[in-house]
1. With just the Cα atoms defining each centre, how far is the range 120-175 from the range 268-297? Give it in Å.
2. Taking amide H positions as placed in the peptide plane 1.01 Å from N, state which residues far from I191 in sequence (5 or more) or on other chains have amide H under 5 Å from it.
3. Counting other beta carbons within 10 Å of each Cβ, put F59, F281 in order, fewest first.
4. Work out the FRET efficiency for K153 and T271 from their Cβ-Cβ distance, taking R0 = 51 Å, and round it to the nearest 0.05.
5. If you take every DSSP beta bridge whose two residues both sit in the chain, what share of them, in percent to the nearest 5, is antiparallel?
6. Please identify which residues in the range 275-294 have an amide N closer than 15 Å to a label point set 7 Å out from the Cα of Y262, following the Cα→Cβ vector.
7. Could you work out the relative contact order of the range 137-241? I mean the mean sequence separation of Cα pairs under 8 Å and 6+ apart, divided by the number of residues, in percent.
8. Quick test of the membrane-span-like rule: which DSSP H helices of the chain reach at least 15 Å along their long axis (C-alpha atoms) with mean Kyte hydropathy at least -0.5?
Amino acid sequence: MIVDVHTHTPRYRTRPEVEVAGFNRPDMAPMRPGQQNPGAYTWDDYLRAMETVDKAICFNIAAPPPEDPTEPVGPVAPARELNDEAAALIRAYPDKIIGFLAVHPRDPCALAEIERATGDLGLRGIKLGPNYQNFDPLGEDAFRIYRRAAELKLPILFHQGTSPVRHADLDFAHPRHIDRVAMAFPDLKIILAHLAHPWHADCIAVIRKHPNVYADISANFYRPWQYYNGMRLATEWGVLDKLLFGSDYPVATPQETMDAIYRVNDPIAGTGLPPVPIDEFEKVINRDSLALLGLAG
């Protein structure tokens, strides 16, 4: 079974809704080299992209609560709105899509929203973006979210690594902080998105140390030299089995990401540099991510 653990919920059902809403993020640098920021996309766009996978996990990123002094940054929206959108999609396609809830740690209603999103809406994990949401991943606000997630056995996917957000603390998304989270909550299932690019080595140190911490490979292949180096490090440190398949749709599609696995060694063609073992790396595509995250069944 092919599972894409990293996709973003479409916020519009139809193309006319997109045309009315418009979509423009002039304050953000492109997510992907040589590509403009992804425009708004619909349910049909999303489902076409997911045809090549058996299951997909979808989510978005919650904005700060209205009374919070922090300026919202990046592609964020109110948690309740995002969770309702994810729930609508999974109700329509329950055999295909698993929804993760969005919540902001500084929201005084965060724990109540977790209860609503899991109990009423059927969402099965949590997405957090420490630098997008500009929160300290080691602060007490964040720890109350981790604590409840551990109690409810909800996996957490963290945005990790860089992003083109100008007004947030980049260090909040460094993978070294997750070491202390995993020590405090050893049974909590955690995914570090993007192999924490460009901090691959630090991410590998964390997933190697903690049995319940994994990394997804999304948003790496379109920087070929870094992609090769990251996967070569994962090979040398023996953590290829801790890598999960993810695309970061709409920035990339699952098919693009699958195809890139077989091109990982292209940058070293004609050199004496050691290759990434394709036969081992391609196992990422068919990894039983749902079982590893406690989401099977």
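Laboratory data are not the source of any read-out in this text; all were calculated from the coordinates shown. For clarity, every value in this text was computed on a predicted model and none was experimentally measured. Reconstructed Cβ throughout: ideal geometry from the backbone, glycine too, with neighbour counts over all protein chains shown.
1. Spelled out, the Cα-based centre of one part sits 25 Å from the other.
2. When sequence neighbours closer than 5 places are left aside, the close amide H contacts are I156, L157, F158, Y214.
3. F281, F59
4. Using R0 = 51 Å, I get an efficiency of 0.65.
5. Close to 0 percent.
6. Only 278-286 pass the distance filter.
7. 25
8. TM-like helix candidates: 79-92.
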